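Structure first, commentary second.
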Amino acid sequence: MNKTVLQNNAVLNINPWRMLTWLLVAQIMVAFVGRSLAPLGVLIGEDLSLTKAQIGMLPAALFLGQSLVSIPAGFLVDRVGSKKLLFLLSLGLGLSFILMTATSIYAVVLFMVVLGGVGYGTMHPTSNKGIIYWFTEKRGTAMGIKQMGVTLGSALAALLLLPAATVWGWRPVLIGACLLLILTGLLAFRFYHDPPAKKAQGGPAGKPVRLFASILQMFKEKPLVLVSIAAMGLSGSQLILNTYIVLFAYEHLGIPLVLAGVLLVISEVSGSFGRVAWGMISDLLFSGKRIIVLVIIASLSMLASIIVSLLPAGTPFWVMVPVTILFGFCISGFNGLWMNAATELVPIEQAGIATGFTLTVGSWGVIIGPPLFGYIVDVTGAFTFGWLFLAAVLAAVIALLLFAMAIVKKEERHPLK
């Protein structure tokens, strides 16, 4: 008993920002592998002779796995904490993608990507729970920093994996990335700690009978449901940009492949800054109000999509750079605010299940969006209609978020209790 007390005291003395560092490192590596499908999509498509719609199915398959696991993962992390899951999800994602490199059968590749998506999707409830418990102040900033790991990992994949894969092939390069991910998972398990407080609030593990009731409760939270549906459009838009910006720049604009990959890097680095900046903006300028900032992000993203749709063939690389910075800063920078909004619309003890719920709903945007965008391009033979479709989706997102804001304001004026 004394040993347990000493361990709890030691954990309580830990700097939350050090725990955030480990969550960030794990998030970067999970994204480095999971989001490698976008920059490597060109090479995978050439290797397996895929259409643009089939290339779009690769990230869609990843997020199908995420949608299947998000609620169970959120339910589980509310009970067992983040520490154990950090290693298990890294192992699951790494092994699935290693097995994916061993086949050239498209259906098997998709199946392995779905399995990898289970590990990838578990990361968000796991890391978000850590943020919610370790941070009571500056939570928007902390969540933005953690979510920055997604875009940093994706940017590193484009910066490192794509050039390496053009030399050695996408299969051995991806295997090396997976092994590095598994090693990172081991280190995170060793050095990350859960706050003892989560045991008091999370309840004992092993109560699966409460899962269905917990899910039903999420459907009763109308603002959460609306934000989650809006996140479908935002998430789908983000993955469309990540999946097709290289193909658009390479095939439509005539930009060399390596420079087209640099545009993806620029987009993701901009998104990394955006995740922190938007979190700070919501904390400092909007007093922690997240949804109005999401409206601003969606509006600027819609503008960027319209601009991209108007770019003619032969547009030079330097013209694409500022447009890509704006697009990435917004559409790849919204995720931290989304996670904050979802977890703050419910009691803290339901943060994990709320994350799982909103991810499950939001994931359908990335399951449907990239293949549908690719299908539009395949049918019309031009990217223009794809980008205009994206702008229309973002207009619908703005309407949903404004409706959610109205409900929140009404509930604040007339609380039930």
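So, counting K/R as plus one and D/E as minus one, what does the shell of residues with Cβ under 12 Å around Ile245 add up to? Present the calculation step by step, with values, prior to reporting the outcome.
Details: positive: none; negative: Glu251, Glu268.
Here the charged neighbours net out to -2.
Provide the packing ranking of 118-127, 302-311, i.e. peptides ordered by the mean count of other C-beta atoms within 10 Å per residue, highest first.
Packing proxy ranking, top to bottom: 118-127, 302-311.
On a full-extension model of 0.36 nm per residue, what is the gain between Tyr375 and Phe191, subtracting their alpha-carbon distance, rounded to one decimal in nm? Show your work: numbers first, answer last.
On the way: separation 184, 0.36 × 184 = 66.24 nm, distance 4.51 nm.
Full-extension gain reported as 61.7 nm.
Given charges of +1 on the Cβ of Lys and Arg and -1 on the Cβ of Asp and Glu, with all other atoms neutral, how large is the dipole of the chain about its Cα centre, in debye to the nearest 20?
Here the size comes out at about 1380 debye.
Taking 0.36 nm per intervening residue step and subtracting the Cα-Cα distance, what contour gain separates Ile215 from Leu285 on full extension?
Working: separation 70, 0.36 × 70 = 25.20 nm, distance 3.32 nm.
Length gained, Ile215 through Leu285: 21.9 nm.
Obtain the nm distance between the two label points defined at Thr103 and Ile368 by a simple spin-label model: each point lies 7 Å from its Cα along the Cα-to-C-beta direction.
Going by the 7 Å Cα→Cβ label model, 2.7 nm.
When you count, for each residue, the other Cβ atoms within 10 Å and take the mean per peptide, how do 238-247, 363-372 rank with the highest first?
My ranking of the peptides, most packed first, is 238-247, 363-372.
What translational diffusion coefficient, in µm²/s and rounded to a whole number, does the Stokes-Einstein relation yield for segment 30-140 at 10 °C and a viscosity of 1.306 mPa s, taking the hydrodynamic radius as the Kirkwood radius over Cα pairs?
109 µm²/s
Given the convex hull over the Cα atoms of segment 235-369, what projected area results after averaging over all orientations, in nm²?
8.3 nm²
Which semi-axis lengths, in whole Å and largest first, follow from the square roots of five times the eigenvalues of the Cα gyration tensor of the chain?
Equivalent-ellipsoid dimensions as semi-axes: 33, 26, 19 Å.
Do you know the relative contact order of segment 46-156, to the nearest whole percent, from alpha carbon pairs under 8 angstrom that are 6+ apart?
The normalised contact order for segment 46-156 reaches 35 percent.
Per DSSP helix of 4 or more residues, -39500 (n - 2.57); summed, then divided by the residues of the chain. What does that give at 222 nm, rounded to the nearest 500?
Rounded to the nearest 500, it is -28000 deg cm²/dmol.
So, in nm, how far is label Ile14 from label Glu411 when the simple model puts each one 7 Å beyond its Cα toward the Cβ?
3.1 nm
Can you work out ³J(HN,Hα) from phi for every residue in segment 160-175, in order, using Karplus 6.51 cos²θ - 1.76 cosθ + 1.60 and θ = phi - 60°, giving whole Hz and x for Gly and Pro?
9, 6, 4, x, 5, 5, 5, 8, 9, x, 6, 5, x, 5, 5, 4
Any idea what angle helix 16-34 forms with the longest principal axis of the chain, computed on alpha-carbon atoms, 0 to 90 degrees, nearest 10?
30 degrees
If you average the sequence gap of Cα pairs under 8 Å that are 6 or more apart and divide by the length of the chain, what percent do you get for the contact order?
The value is 27 percent.
If the limit is 27 Å between Cα atoms, which of Lys83/Lys146; Lys52/Lys220; Lys84/Lys289 go over it?
Exceeds cut-off: Lys52/Lys220; Lys84/Lys289.
All of the numbers you see were taken from the coordinates with simple rules; none came from a lab. The shown structure was predicted, so the numbers you read here are calculated from the model rather than taken from an experiment. Cβ atoms come from the backbone with ideal geometry, glycine included; neighbour counts cover every protein chain shown.
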